[in-house]
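Worksheet for the structure shown next.
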Amino acid sequence: MPTFFGVTSVPADNGTNATTSITLTPPASMVTGDLVVVTLTQRGTATFSVGVDAGQTWTSIGRNIGTANVALETFWARYNGTWSTNPRFDFSAGTNTTAVMIVFRPDNNTKVWATELISTVNTTGPTVLIDGVTTTQAPNVTLANWNTADDNTWGTLTGTGWVNTSLSAQYRNLAGTDASSAFAYRFQSTAGATNNVSLTQLTLGADNTVTRRITFYETDAFTGGFDPFGQQGIFGL
C-alpha cells in the first residue's frame, strides 16, 4: 500500500497569510514516484495557477466556488526526483490564502499515479460527512478534505480505516475574516469500499463546508497506441 510521507503548509495552523503567491518548501528526502498533492483555498472567489512548477508537471483537479464562500483548487504531481526550486502557487486575490502540501509514497515507485472517484460537495455542519465510494483500482490512497470560511477547530474523525496521523487537526488562517481546512486519508491494498468519513466542527458552530474527496491509485504507465482501459488522469507518461 502507499504510505504517508510528509506535509507542509502556509500558514501553519492558527497562522495568518493573505498573499497572492505562496511558495511551499517540500518535505525533505522525497524520492522519485512520490505523490504530491497541493490543496489551495481562499476565502472568496479566487482563481488559481501554478506560478513556479519547480520542475514538476502539475495536474489540476478543478476549481470550485461553493456556497460556503470558499474557493478551492487541488493540484497534484508525481515527483520526478528533482525540485529545481521550491514550487509557487498563485491566487488572483490575496484575502486569506492557504496552501497545504501532502506527500504520499507508493509501494512501487516505478508506477505512475492516476485518479478516480473525485467528488466536490457543498454541505453544512457541525458534523460533515463525506460519502464513501467503492474504488476500482488499487493500491490506492483516498484523500478527504473539509474547508470552511471560519477558523473552525475540528475533531471526532469518524470512519473505519480513516486517519489524519501526522497532520494538524486543522489548518486555520486568521487573515481577514478567517478560514479553516482539515484532511484525512485512507489506504487500500485492494479495491473496495472506502467507508464514509466525517469530521465535527468543535468551535464556531455549524458553518457551511466545501468537501473534496479524491482517490489516487498506482498504475502502469501507458506508452501510446490504443488504450483498452480508457485510463484518464494518468501522470508520468
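The values are calculated or read from the model by the stated rules, or taken from the named source; none is laboratory data. Since the model is a prediction, treat every value here as computed from it, not as a measurement. Quick reminder, even Gly has a Cβ in these numbers, built from the backbone with ideal geometry, and neighbours come from all protein chains shown.
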>> If I filter the stretch 63-74 for residues that are farther than 21 Å from Arg212 by Cβ and in contact (Cβ under 8 Å) with a residue 60 or more places away in the chain, do I get at least one hit?
In response: no
>> Restricting to the stretch 133-165, name every residue that is farther than 21 Å from Val103 by Cβ, assigned to a loop (DSSP other than H, G, I, E, B) and either in contact with a strand residue (DSSP E or B) (Cβ under 6 Å, 6 or more places away or on another chain) or among the β-branched types (Val, Ile, Thr) (or both).
In response: Val133, Thr136, Ala149, Asp151, Asn152, Thr153, Gly159, Thr160
>> Kindly evaluate Arg43 against the criterion of being charged (D, E, K, R), within 30 Å of Ala206 (Cα to Cα) and buried (at least 17 other Cβ atoms within 10 Å of the Cβ).
In response: yes
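Looking at this structure, is Asp150 on the phi < 0 side of the Ramachandran plot and touching a Gly at 6+ places or on another chain (Cβ under 7 Å)?
Considered against the rule, which asks whether it is on the phi < 0 side of the Ramachandran plot and touching a Gly at 6+ places or on another chain (Cβ under 7 Å), Asp150 comes out as no.
Does Pro87 fit the bill of being more than 12 Å from the chain's Cα centre (by Cα), at pLDDT 95 or above and either within 23 Å of Val163 (Cα to Cα) or among the acidic types (Asp, Glu) (or both)?
Working: more than 12 Å from the chain's Cα centre (by Cα): yes; at pLDDT 95 or above: yes; either within 23 Å of Val163 (Cα to Cα) or among the acidic types (Asp, Glu) (or both): no.
No: the conditions fail for Pro87.
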> So, of the residues in the stretch 110-138 that are farther than 21 Å from Ala191 by Cβ and more than 19 Å from the chain's Cα centre (by Cα), which turns out to be modelled with the lowest pLDDT?
Replying inline: Gly125
> Among the residues of the stretch 167-224, which ones are crowded, with 21+ Cβ neighbours inside 10 Å, part of a loop (DSSP other than H, G, I, E, B) and under 15 Å from the mean Cα position of the chain (by Cα)?
Replying inline: Gln170
> Quick one: what pairs do we get from the stretch 167-193, first residue free of Cβ contacts under 8 Å to residues at least 60 places away in the same chain, second of a type in the set (Phe, Trp, Tyr), C-beta under 6 Å, 6+ apart or different chains?
Replying inline: Ala182/Trp146; Ala182/Trp154; Ala184/Trp162; Arg186/Trp162
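Just to check your reading of the model, which residue among Ala149, Ala99 is of a type in the set (Gly, Ala, Ser), within 18 Å of the chain's Cα centre (by Cα) and under 16 Å from Thr209 (Cα atoms)? Let's see the steps before the verdict.
Numbers: Ala99 fails: under 16 Å from Thr209 (Cα atoms).
Result of the check over Ala149, Ala99: Ala149.
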